[in-house]
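Undergrad: Sharing a structure below in structure tokens format, with a few things to ask.
The values are calculated or read from the model by the stated rules, or taken from the named source; none is laboratory data. From a predicted model like this one, the values you see are computed outputs, not experimental measurements. So basically every Cβ, Gly included, is an ideal-geometry build from the backbone, and we count neighbours across all protein chains shown.
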Amino acid sequence: MKSIRWLGHSTFIITTASGLNILIDPFLQGNPVTPENWKSPDKVDVILVTHGHDDHAADTIPLAKKTGARVVSIVELSGLLKKDGLPEDQAVEMNKGGTVDLDGVKVTMTNANHSSSWKGTYAGDPAGFILHLDGKRLYHAGDTNIMPDFEIYGRIYHPDVSILPIGDHYTMGHKEAAHAAAMLGSPIAIPMHYGTMPVLTGSPEKFRERVDKLTKGKTKVVVPEPGEDFAGQLS
């Protein structure tokens with residue numbers, strides 16, 4: 001990866017070695033911790049949407065129209081996005097267990113234990129994504145509770161980096177997320193979905209402490225600042 005940045009909440013933007021820009025869960029304009037210069041990126045090639053809640057999908061259609069990016073989501077959410085103006089030729093619908101190839105980046109959709117709606121309408125199941133890019137495997141879990149699937153994903157995909165929600169209230173908290181990190185066995189774990197609003201009380205410091213204890217130092221927790229390129233910390 002040339003770069004990877006956390007833009008606050010569950011939003012990440014990744015630039016591959018070939019220059020492909022992948023944006024995950026675009027919640028930017030209404031995100032209080034997104035740096036101003038990242039509120040509306042000019043170049044996005046692929047948008048991955050884990051589920052339809054506003055704090056993950058709010059900027060999907062405006063950004064897709066602005067940049068021409070392809071939008072990958074589960075079938076039901078894809079249909080709702082198209083009804084609301086996402087151009088048909090930019091929609092890439094898929095389902096759990098499936099893999100799509102996007103200019104050499106393979107994206108596998110995984111399970112997540114949560115809910116999903118788009119503007120009050122059922123939007124299919126929530127999901128996560130495994131990205132196979134530049135010889136690495138990156139797992140973005142989406143919004144989820146702890147689940148036994150993590151152990152299976154660790155055995156099948158061997159993710160080099162696991163990005164996990166820790167905020168509590170709407171997702172698992174730092175305690176459960178630490179156990180998820182141990183089940184996945186990734187060398188690197190990144191916390192997300194915390195600190196954006198007062199109710200999201202999960203602590204990245206406590207997450208790090210628990211992960212270190214549970215994995216005996218085998219999993220390193222990296223806690224980036226919003227907008228920071230932390231690709232150099234993933235080796």
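Undergrad: Pick out the one residue from L63, L77 that is buried (at least 23 other Cβ atoms within 10 Å of the Cβ) and touching a strand residue (DSSP E or B) at 6+ places or on another chain (Cβ under 7 Å).
TA: Values: L63 fails: buried (at least 23 other Cβ atoms within 10 Å of the Cβ).
After ruling out the rest, the residue left standing is L77.
Undergrad: Follow-up question, since we're still on this one. Which residue out of D212, D134 is touching a residue at least 40 places away in the same chain (Cβ under 8 Å) and of a type in the set (D, E)?
TA: On inspection, the qualifying residue turns out to be D134.
Undergrad: Among the residues of the stretch 35-50, is there at least one that is surrounded by 15 or more Cβ atoms within 10 Å (Cβ to Cβ), farther than 13 Å from E228 by Cα, touching a strand residue (DSSP E or B) at 6+ places or on another chain (Cβ under 6 Å) and not aliphatic (A, V, I, L, M)? Before the answer, list the steps.
TA: Looking only at the stretch 35-50, we keep the residues that are surrounded by 15 or more Cβ atoms within 10 Å (Cβ to Cβ), and these are 35, 38, 40-41, 44-50.
Remaining after also requiring farther than 13 Å from E228 by Cα: 40-41, 44-50.
This time we only want the ones that are touching a strand residue (DSSP E or B) at 6+ places or on another chain (Cβ under 6 Å), so: 44-50.
Then keep just the ones that are not aliphatic (A, V, I, L, M); that gives 45, 50.
Looking for residues that are surrounded by 15 or more Cβ atoms within 10 Å (Cβ to Cβ), farther than 13 Å from E228 by Cα, touching a strand residue (DSSP E or B) at 6+ places or on another chain (Cβ under 6 Å) and not aliphatic (A, V, I, L, M), one finds at least one in the stretch 35-50, hence yes.
Undergrad: Which pairs have Cβ atoms under 8 Å, sit 6 or more apart or on different chains, and link a residue in the stretch 140-151 that is more than 12 Å from N111 (Cβ to Cβ) to one that is surrounded by 24 or more Cβ atoms within 10 Å (Cβ to Cβ) and of a type in the set (D, E, K, R)?
TA: H140/D25
Undergrad: Continuing with this model, one more query. Scan the strands (runs of 3 or more DSSP E) fully inside the stretch 88-171 and keep the ones with 1 or more residues being hydrophobic (A, V, I, L, M, F, W, C), surrounded by 15 or more Cβ atoms within 10 Å (Cβ to Cβ) and in contact with a helix residue (DSSP H, G or I) (Cβ under 8 Å, 6 or more places away or on another chain).
TA: Where strands (runs of 3 or more DSSP E) fall fully within the stretch 88-171 and carry at least 1 residues being hydrophobic (A, V, I, L, M, F, W, C), surrounded by 15 or more Cβ atoms within 10 Å (Cβ to Cβ) and in contact with a helix residue (DSSP H, G or I) (Cβ under 8 Å, 6 or more places away or on another chain), they are 91-94, 127-133, 161-165.
Undergrad: For the stretch 52-59, state whether one or more residues are farther than 17 Å from K119 by Cα and of a type in the set (D, E). Lay out the reasoning, then the answer.
TA: Within the stretch 52-59, the subset farther than 17 Å from K119 by Cα is none.
Looking for residues that are farther than 17 Å from K119 by Cα and of a type in the set (D, E), one finds none in the stretch 52-59, hence no.
Undergrad: Looking at the structure I just gave you, is H56 in a loop (DSSP other than H, G, I, E, B), within 29 Å of M172 (Cα to Cα) and either out of contact with any strand residue (DSSP E or B) (no Cβ under 7 Å at 6 or more places or on another chain) or not small (G, A, S) (or both)?
TA: No; evaluated as a whole, the condition is false for this residue.
Undergrad: How many of the residues making up the stretch 1-50 are assigned to a loop (DSSP other than H, G, I, E, B), over 21 Å from A141 (Cβ atoms) and in contact (Cβ under 8 Å) with a residue 24 or more places away in the chain?
TA: Residues meeting the conditions: 14.
Undergrad: Is there a residue in the stretch 98-105 that is farther than 22 Å from N21 by Cβ, modelled with pLDDT of 95 or more and not small (G, A, S)?
TA: no
Undergrad: So how many residues does the stretch 1-24 have that are farther than 21 Å from D59 by Cα and among the basic types (K, R)? Walk me through how you get there before you give the answer.
TA: Keep residues of the stretch 1-24 that are farther than 21 Å from D59 by Cα, which gives 1-3, 16-19.
This time we only want the ones that are among the basic types (K, R), so: 2.
Selection size over the stretch 1-24: 1.
Undergrad: Further, regarding this structure: Determine whether the stretch 126-149 contains at least one residue that is over 19 Å from I190 (Cβ atoms) and among the charged types (D, E, K, R).
TA: Within the stretch 126-149 (the criterion being over 19 Å from I190 (Cβ atoms) and among the charged types (D, E, K, R)), the answer is no, since none of the residues qualifies.
Undergrad: Going residue by residue through the stretch 31-38, is there one that turns out to be at pLDDT 95 or above, of a type in the set (D, E, K, R) and either touching a Ser or Thr at 6+ places or on another chain (Cβ under 7 Å) or more than 24 Å from H193 (Cβ to Cβ) (or both)?
TA: no
Undergrad: Of (1) part of a loop (DSSP other than H, G, I, E, B); (2) crowded, with 18+ Cβ neighbours inside 10 Å, M197 satisfies all except one. Which?
TA: (2)
Undergrad: Further, regarding this structure: Do you know which residues across the stretch 207-224 are of a type in the set (A, V, I, L, M) and not in a strand (DSSP E or B)?
TA: Correct list: V211, L214, V222, V223.
Undergrad: Take the residues in the stretch 2-32 that are within 11 Å of the chain's Cα centre (by Cα) and among the hydroxyl-bearing types (S, T, Y); name whichever of them is surrounded by the fewest Cβ atoms within 10 Å (Cβ to Cβ).
TA: If we take residues in the stretch 2-32 being within 11 Å of the chain's Cα centre (by Cα) and among the hydroxyl-bearing types (S, T, Y), then T11 is surrounded by the fewest Cβ atoms within 10 Å (Cβ to Cβ).
Table: residues versus (1) farther than 24 Å from K39 by Cα; (2) free of Cβ contacts under 8 Å to residues at least 40 places away in the same chain; (3) not in a loop (DSSP other than H, G, I, E, B).
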site: S186; (1), (2), (3): yes, no, no
site: I190; (1), (2), (3): no, no, yes
site: G202; (1), (2), (3): yes, yes, no
site: P226; (1), (2), (3): no, no, no
